[in-house]
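See below for the structure under consideration.
The values are calculated or read from the model by the stated rules, or taken from the named source; none is laboratory data. Model, not experiment: these values are computed from the prediction. Please note: Cβ atoms are built from the backbone with ideal geometry, for glycine as well, and neighbour counts cover all protein chains shown.
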Amino acid sequence: MGERLERVPGIETSVVPVGEAASQPSPPGRNVSRFFRGHRRLALAGLLTPPVFWLLVVYIGSLVLLVFAALFKLDPISQKPTTSFTLDNLRASFTEWSVVKVVFRTVLIAAGVTALCLAVALPTSFFIAKLAPKWMRRGLIVSILLPLWAGYLVKGYAWRAMLSPAGNSFAAEGSGGGGFLVSVFGWTPGYGRTGVILALTYLWLPYMVLPIYAGLERLPPSLLDAAGDLGARPMRTFRTVIMPLLLPSIAAGSIFTFSLSLGDYIVPQLVTDGKQRVMFGTFINSTLGAPNQPLAAAYTLWPLLIIIAYLFAMKRLGAFENV
Amino acid sequence: MGNSRLSKWVLGLITAATLAFLYTPMLVVARLSINKANSVAWPPRGWTLNWWREAWNSAGPREAFLNSVKVALAATAIALVLGTLGAFAMQRFSFFGRNAVSFLMVLPIALPGIVTGIALQNTFSRRIDLGLFDFSVGFGFHSLVVAHATFCVVVAYNNVIARLRRSSPNLLEASADLGAHATQTFRLITFPLVRSALVAGGILAFALSFDEIVVTTFTAGAGFQTLPQWILANFSRPRFIPVVNVLATFVMIVSIPLAWLAQKLSGGSGGSP
């Protein structure tokens, strides 16, 4: 995210019209540049209009339409949205326990994945940023990031193959054995919620390591030495010096791990058995396929609101500043 | 912190375990792609390149692969133009609503794919009446390009703005002091500065689009299939297990060097979306 990168103050007011008097010849580009120098607002509008127009029309426009789509009745016979207004979809989405329960479970899973990612990312990035030999650091951090690009489905598929219990039809085709986990470690959580948490942690872990590593790299080693000199034990240094300074980095990383887990439903489907609707996304998707488009639209307001609230909360923790 | 030898070893072991955790699943799939048995059971039995030959010769995956490449190229081109314009506007100017614009850039990737997907699907399927003329976007190649470009903008934007922030404004002033006008400064100073960031952003946007499945599912329509869609559709068919293994391995072999290159070009941590 753009805001994570450092912000250098004072660059906004660059391109000062110096050297104006020095040059006499007038090449063709000259007039254009003089025009834009005199019309900074026009230059800004020219730069800003295409991307903002695109995102407002295509994206924000669609989100607004989505909210409206939730307000229409469904024709019970044709199963198409009609044009008459109703609040029933919203009521169903926000008050029915069967729905709210899945939302709760999904938020808990996303929070659990975030906590697991944090638990793995903290020691790993601390080692890479502070303890590993200097020549190894870049290679190590790149090795952590590379799996991000190996393909989302590929990784989901890999977990489906690895988690497969013995005798499962997915693994048993042609041979009787189980997947990698069961034959190497003799144990597999099988397809289910544990598998979902494991696979999601695997998918989004690098997003947590990267900002924490960047935050630790900026942390002056003198601070750690000072804490040690003043008699703080490692755990105390960690709690009172490192953690407060790392909070914005952790918040930034958690945006990825939390929001990506919250909305995910394809990999969770791959690592669960058949009809289980573990994640809210699966729930929305099956409602859409029912087909009940207005109700599905009302359901999507849940993740929409949760993520926007989460983004604002993390902004307060400093996730968008200097991370 | 007392960097005792023990804590260093413990943390080093944890790091090694993390790397093993990250790479084992990918190695397992790569090994299964040359497995003689038509299965994901472990341990694999013998090895063969037959599945690779079969994947190469079957029309479905190849067509899906080409579709993915076409969509990713078009979406990347749009995203690079929009993201670069946005980055220059945000870096060179301060204006009212600047924070809102940066929020707007990030939103398509911060919101879950299913929200973006359903929202766009809903819009594309609608008849849009503008008074003078009405139309509906419909589904197919073009709707996928629009959808993918929307969430790829932020990647191009991030890479370019990170580069602009890191480069000194003195360069522009020096160029102006030496009598260069704005177009010359752009051609000789600014463009060479951001060129590698553009390449890196382009690669990452391409990878993001190529890999995307959720928004794709909602905006592709019935007649158009990308490679991730083909893989997803054939997961559950036992006959295709080996071919899926091959394609998964193929995707890793192609994308990991590209990602490495993008990391190198973007010069550090600015590369991830």
Could you please find all residues in region A:271-294 being among the aliphatic types (A, V, I, L, M), buried (at least 23 other Cβ atoms within 10 Å of the Cβ) and outside any loop (DSSP other than H, G, I, E, B)? A:ILE284
Are any of the residues in region B:253-270 touching a residue at least 60 places away in the same chain (Cβ under 8 Å), surrounded by fewer than 20 Cβ atoms within 10 Å (Cβ to Cβ) and not in a helix (DSSP H, G or I)? yes
Elements of type helices (runs of 4 or more DSSP H) contained in region A:28-137, each with 3 or more residues being of a type in the set (Val, Ile, Thr): A:97-126
Within region B:1-17, the residues that are more than 7 Å from chain A (Cβ to nearest Cβ) and among the basic types (Lys, Arg) are B:ARG5
Residues located in region A:147-170, provided they are in a helix (DSSP H, G or I) and touching a residue at least 12 places away in the same chain (Cβ under 8 Å): A:PRO147, A:LEU148, A:TYR152, A:LEU153, A:LYS155, A:GLY156, A:TYR157, A:TRP159, A:ARG160, A:ALA161, A:MET162, A:LEU163
At least 3 residues that are under 16 Å from the mean Cα position of the chain (by Cα) and more than 8 Å from every other protein chain (Cβ to nearest Cβ) in each: list the helices (runs of 4 or more DSSP H) lying fully within region B:104-196 that qualify. B:141-166
Determine the pairs where a residue that is more than 7 Å from every other protein chain (Cβ to nearest Cβ), located within region B:18-45, has a partner that is outside any loop (DSSP other than H, G, I, E, B) and β-branched (Val, Ile, Thr) with Cβ atoms under 7 Å apart, the partner being 6 or more residues away or on another chain. B:ALA30/B:THR249; B:SER33/B:VAL246; B:SER33/B:THR249
Exactly one of B:ILE231, B:ILE213 is within 9 Å of chain A (Cβ to nearest Cβ), farther than 30 Å from A:GLY139 by Cβ and over 17 Å from the mean Cα position of the chain (by Cα), and that one is B:ILE231
Just to check your reading of the model, which residue among B:LEU27, B:LEU19, B:LEU73 is under 27 Å from the mean Cα position of the chain (by Cα), under 30 Å from B:VAL146 (Cβ atoms) and modelled with pLDDT of 80 or more? B:LEU73
Between residues in region A:254-277 that are without any contact (Cβ under 8 Å) to a residue 12 or more places away in the chain and polar (S, T, N, Q) and residues that are crowded, with 24+ Cβ neighbours inside 10 Å and assigned to a helix (DSSP H, G or I), which pairs lie under 9 Å by C-beta distance while being six or more apart or on different chains? none
Based on this model, can you work out whether B:THR185 counts as of a type outside the set (Lys, Arg) and closer than 30 Å to A:PHE280 by Cα? no
A:PRO133 versus (1) more than 8 Å from chain B (Cβ to nearest Cβ); (2) at pLDDT 85 or above; (3) closer than 24 Å to A:GLY253 by Cα: which is the lone unmet condition? (3)
Got a sec? Which of A:SER261, A:SER254 is surrounded by 21 or more Cβ atoms within 10 Å (Cβ to Cβ), within 11 Å of chain B (Cβ to nearest Cβ) and at pLDDT 90 or above? A:SER261
Kindly establish whether B:PHE250 is in a helix (DSSP H, G or I) and closer than 25 Å to B:PRO112 by Cβ. no
